[in-house]
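Colleague: What follows is a structure written as C-alpha cells; I'll ask about it next.
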Amino acid sequence: HVHAYERSYRVSNVAYNIVNGKCIPVLNDSAPVYITVGDGGNIEGLAGNFTEPQPLYSAYREASFGHAILEIKNRTHAYYYWHRNDDGNLVVGDSYWLLNQYWHA
C-alpha cells in the first residue's frame with residue numbers, strides 16, 4: 001500500500017482502445033472526485049516514488065504528511081483542502097470547490 005495523498009479529476013469511466021491497448025481517462029462533470037488521504041504517520045515512511053509518473057486521471061498527488069478538511073458552506077458549495085504539515089507548518093497543498101449538482105433553487 002502507499003502512504004501518500006491524491007485527488008482525482010472527475011473521471012467516470014476509462015476508454016479502452018483495443019488496437020493500441022492504451023487506457024485513457026474520460027472526464028465527466030457528473031462523476032465523483034476520488035480523494036485518498038493516506039499520508040498519516042507510519043513506520044514505513046512516505047512513498048517517495050509514488051508521485052511520478054502521475055497518471056492522467058490524477059489532479060494532484062504528493063508524498064507528504066498532512067490532513068484534510070471539508071467545509072460545508074451551504075446547500076450548493078463545499079470547500080475541501082489538504083494541508084501539508086511535515087515541516088511543522090500548516091500549508092495548503094491542494095484545494096477544491098465541490099458543487100452540489102443535484103440542488104436546484
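The values are calculated or read from the model by the stated rules, or taken from the named source; none is laboratory data. What you see is a predicted model; the values in this text were computed from it and never measured. Because the Cβ atoms are built from the backbone with ideal geometry, glycine has one as well, and the counts that use them run over all protein chains shown. Heavy atoms of the whole protein, side chains included, go into the accessibility calculation; ligands, DNA and RNA do not. Shrake-Rupley method; radii C 1.70, N 1.55, O 1.52, S 1.80 Å.
Colleague: Largest first, what is the accessible-area ranking of VAL33, VAL91 with a 1.4 Å probe? All intermediate terms of the calculation are to be shown ahead of the outcome.
Modeller: Details: VAL33 30, VAL91 55 Å².
Putting VAL33, VAL91 in descending order of accessible area: VAL91, VAL33.
Colleague: Going by amide H atoms built from the backbone, whose H comes under 5 Å of the H on VAL91, apart from near neighbours?
Modeller: Answer set, sorted by chain and number: ARG84.
Colleague: Could you derive backbone 3J(HN,Hα) for the stretch 3-8 from the dihedral phi with the Karplus parameters 6.51, -1.76 and 1.60 (θ = phi - 60°), listing whole Hz in sequence and x where the residue is Gly or Pro?
Modeller: In residue order, the calculated couplings are 9, 6, 10, 8, 10, 9 Hz.
Colleague: Follow-up. What are the ³J(HN,Hα) values, in whole Hz, obtained from phi via the Karplus relation 6.51 cos²θ - 1.76 cosθ + 1.60 with θ = phi - 60°, for each residue of the stretch 55-66 in sequence order, with x given for Gly and Pro?
Modeller: x, 5, 6, 8, 7, 7, 8, 7, 9, 9, 6, x
Colleague: Determine the sum of side-chain charges near VAL2: Lys and Arg each +1, Asp and Glu each -1, restricted to other residues whose C-beta is under 11 angstrom from that of VAL2.
Modeller: Values: positive: ARG61; negative: GLU6, ASP39, GLU44.
After counting each charged neighbour, the total is -2.
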